[in-house]
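*Asks:* After the structure tokens below, expect a handful of questions from me.
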Amino acid sequence: MPTLDTAIVYPGAVLFEGTQLSEGRGTTRPFELLGAPWIDAERFCAELNALRLGGMHFRPVTFEPTFHKHAREACGGCQIHVTDRRAFRPVLASVAAMAEFRRINPGRFAWRQPPYEYEHGKMPIDILAGSPALRGQIEAGNRRAGDRRVLGRGRRRLRTGAARLSSLLSAALRGRRTEAASTARRRARARSAPG
């Protein structure tokens, strides 16, 4: 990653790898720049900035990737400009942008098709997002797909899953400790037994 700014936006902007939109690869600002040839940057960013997402501003840009998606084509879109790292929510910002790209022109918006990395069956966006839920919300035209309450449902499921995993790991560790203690007792008895 070329800059700290790239690393800050990456956790959300990486979702654009699951689309046919440019995530800025082939520029000096990968993952900060998002766009496509059919986007009017000024209007696009005005719509997104009206959402008043905290800690950031969607800056209108036109960029031309030297390679990757839309190589050597002028792409209108945005630069995700972080103004307050503590308030900035990278996934929320990127999902809002993705939903807006689709709303503007659903006929030209497209998901990247498999394969992706090592997976040949699942949609890349589903791999990146962790499930098909985000894709379903965006396809349904849910302008609040990136809303904290919508994302919160996924977070609750993640916390529930993490809690279950934690309890399973704790039980496994308790079982190992019990097993280790039993083994130690058996060895101690075997050593003290007359020979």
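*Asks:* Being in a helix (DSSP H, G or I), in contact with a Leu (Cβ under 9 Å, 6 or more places away or on another chain), of a type outside the set (D, E, K, R) and surrounded by 14 or more Cβ atoms within 10 Å (Cβ to Cβ) is true for just one of V91, V61. Which residue is that? Break it down into steps so the answer makes sense when it comes.
*Replies:* On the way: V61 fails: in a helix (DSSP H, G or I).
It is V91.
To keep it simple, each residue is scored yes or no on (1) modelled with pLDDT of 65 or more; (2) part of a loop (DSSP other than H, G, I, E, B); (3) exposed (fewer than 10 other Cβ atoms within 10 Å of the Cβ); (4) not assigned by TED's automatic domain parsing to the domain that holds E23.
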| position | (1), (2), (3), (4) |
| --- | --- |
| L128 | yes, no, no, no |
| S131 | yes, yes, no, no |
| R157 | no, no, no, yes |
| T160 | no, no, no, yes |
| S166 | no, no, no, yes |
| S170 | no, no, no, yes |
| R177 | yes, no, no, yes |
| A180 | yes, no, no, yes |
| T183 | yes, no, no, yes |
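*Asks:* List every residue pair whose Cβ atoms sit under 6 Å apart, with the two residues 6 or more apart in sequence or on different chains, where the first one lies in segment 29-43 and is assigned by TED's automatic domain parsing to the domain that holds T62 and farther than 18 Å from H81 by Cβ and the second, anywhere, is assigned to a loop (DSSP other than H, G, I, E, B) and of a type in the set (D, E).
*Replies:* P37/E73
*Asks:* Oh, and also: Could we say that A13 is small (G, A, S) and either loosely packed, with under 15 Cβ neighbours inside 10 Å or modelled with pLDDT under 95 (or both) here?
*Replies:* no
*Asks:* Residues being β-branched (V, I, T) and assigned to a loop (DSSP other than H, G, I, E, B): count how many of those fall in segment 64-86.
*Replies:* Residues that pass the stated criteria total 2.
*Asks:* Just checking, which of A74, A46 is under 15 Å from A99 (Cα atoms), of a type outside the set (S, T, N, Q) and surrounded by fewer than 21 Cβ atoms within 10 Å (Cβ to Cβ)?
*Replies:* A46
*Asks:* Do you know which residues across segment 1-33 are closer than 21 Å to G136 by Cβ and part of a strand (DSSP E or B)?
*Replies:* T19
*Asks:* Right, here's the next one. Taking into account only those residues within segment 30-40 that are crowded, with 20+ Cβ neighbours inside 10 Å and in contact with a strand residue (DSSP E or B) (Cβ under 9 Å, 6 or more places away or on another chain), which is farthest from H68 (Cα to Cα)?
*Replies:* Result: I39.
*Asks:* Residue pairs, Cβ under 7 Å, 6 or more apart or interchain, first in segment 73-99 and in contact (Cβ under 8 Å) with a residue 12 or more places away in the chain, second among the basic types (K, R). List them.
*Replies:* Filtered contacts from segment 73-99: C78/R59; Q79/R29; Q79/R59; H81/R59; L92/R148; A99/R143.
The values are calculated or read from the model by the stated rules, or taken from the named source; none is laboratory data. Every value quoted in this text rests on a predicted model; they were computed, and no experiment measured them. Quick reminder, even Gly has a Cβ in these numbers, built from the backbone with ideal geometry, and neighbours come from all protein chains shown.
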